[in-house]
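Read through the structure below, which is laid out as structure tokens, and then see the notes.
Since every read-out is calculated from the coordinates, none of them should be taken as a lab result. Every value quoted in this text rests on a predicted model; they were computed, and no experiment measured them. Positions of Cβ are backbone-derived with ideal geometry, glycine not excepted, and every protein chain shown enters the neighbour counts.
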Amino acid sequence: MANAHLDYHLVLLNHLRSILAALGEAEQVPEESHALFLERFDELLEQLPQDPLESQYLGQDLMCQVIQRYPQIAHLVPRDLLWFFGGDCLHFMPDEELDLYQALEERRYEAEQNDEPFDWNQEKQLLSMSDRDSRH
């Protein structure tokens, strides 16, 4: 189960990597520093499957840098990645969103404890809908 969770976030990271690469190709960022940033991003993609815990700090650092260095794509950074890496990334999430992800994480943990399947996206949609219903 934990592998499916990690794989999901690796897919999101690869998607974000393609967006960053496109920025460089469109010459919207300084080439040299951007190339170095992409190298660090590639390190994360390589290290994360091998050692998820050790990669947390690099992931936090890179997600925060994406938002700070590339504000034009900050809205494209998957919120799931901010939650996944935690730490300083959480400063970019409003309280309501943090509450949603906390509830989602608790459901995921409960499912793992009971050896039940867990679909992160489906559960997130269910929680989002119930959260919207409770606000109306």
Could we say that Glu27 is more than 18 Å from Asp7 (Cβ to Cβ), out of contact with any helix residue (DSSP H, G or I) (no Cβ under 9 Å at 6 or more places or on another chain) and not in a helix (DSSP H, G or I) here?
yes
Conditions first: (1) surrounded by fewer than 14 Cβ atoms within 10 Å (Cβ to Cβ); (2) assigned to a helix (DSSP H, G or I). Gln60 passes all but one, so which condition is the exception?
(1)
Subset of the range 98-127 [surrounded by fewer than 16 Cβ atoms within 10 Å (Cβ to Cβ) and hydroxyl-bearing (Ser, Thr, Tyr)]
Tyr109
Could you please give the count of residues in the range 103-128 that are within 17 Å of His9 (Cα to Cα) and either in contact with a Gly (Cβ under 7 Å, 6 or more places away or on another chain) or hydroxyl-bearing (Ser, Thr, Tyr) (or both)?
1
If you check Ala35 against the conditions, is it over 22 Å from Arg79 (Cβ atoms), among the hydrophobic types (A, V, I, L, M, F, W, C), out of contact with any strand residue (DSSP E or B) (no Cβ under 7 Å at 6 or more places or on another chain) and in a helix (DSSP H, G or I)?
yes
Of the residues Ala22, Ala111, Ala103, only one is touching a residue at least 60 places away in the same chain (Cβ under 8 Å), of a type in the set (Gly, Ala, Ser) and assigned to a helix (DSSP H, G or I); which?
Ala111
Contact list, first residue from the range 71-83 and surrounded by fewer than 12 Cβ atoms within 10 Å (Cβ to Cβ), second anywhere and assigned to a helix (DSSP H, G or I) and hydrophobic (A, V, I, L, M, F, W, C), beta-carbon distance below 9 Å, six or more apart or interchain, is Gln72/Leu23
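Based on what the data block shows, is Ala111 small (Gly, Ala, Ser) and more than 17 Å from the chain's Cα centre (by Cα)? It would help to see each step written out before you state the result.
Details: small (Gly, Ala, Ser): yes; more than 17 Å from the chain's Cα centre (by Cα): yes.
Yes.
Okay, residues lined up against (1) of a type in the set (Lys, Arg); (2) in contact with a Cys (Cβ under 9 Å, 6 or more places away or on another chain); (3) at positive phi:
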site: His9; (1), (2), (3): no, no, no
site: Asn14; (1), (2), (3): no, no, no
site: Leu23; (1), (2), (3): no, no, no
site: Glu27; (1), (2), (3): no, no, yes
site: Glu31; (1), (2), (3): no, no, no
site: Leu48; (1), (2), (3): no, no, no
site: Gln56; (1), (2), (3): no, no, no
site: Gln60; (1), (2), (3): no, yes, no
site: Gly87; (1), (2), (3): no, yes, yes
Can you pull out every residue in the range 5-19 that is in contact with a helix residue (DSSP H, G or I) (Cβ under 8 Å, 6 or more places away or on another chain) and either without any contact (Cβ under 8 Å) to a residue 24 or more places away in the chain or not in a helix (DSSP H, G or I) (or both)?
none
Please go through the range 25-39 and pick out each residue that is free of Cβ contacts under 8 Å to residues at least 12 places away in the same chain and aliphatic (A, V, I, L, M).
Ala26, Ala35, Leu36
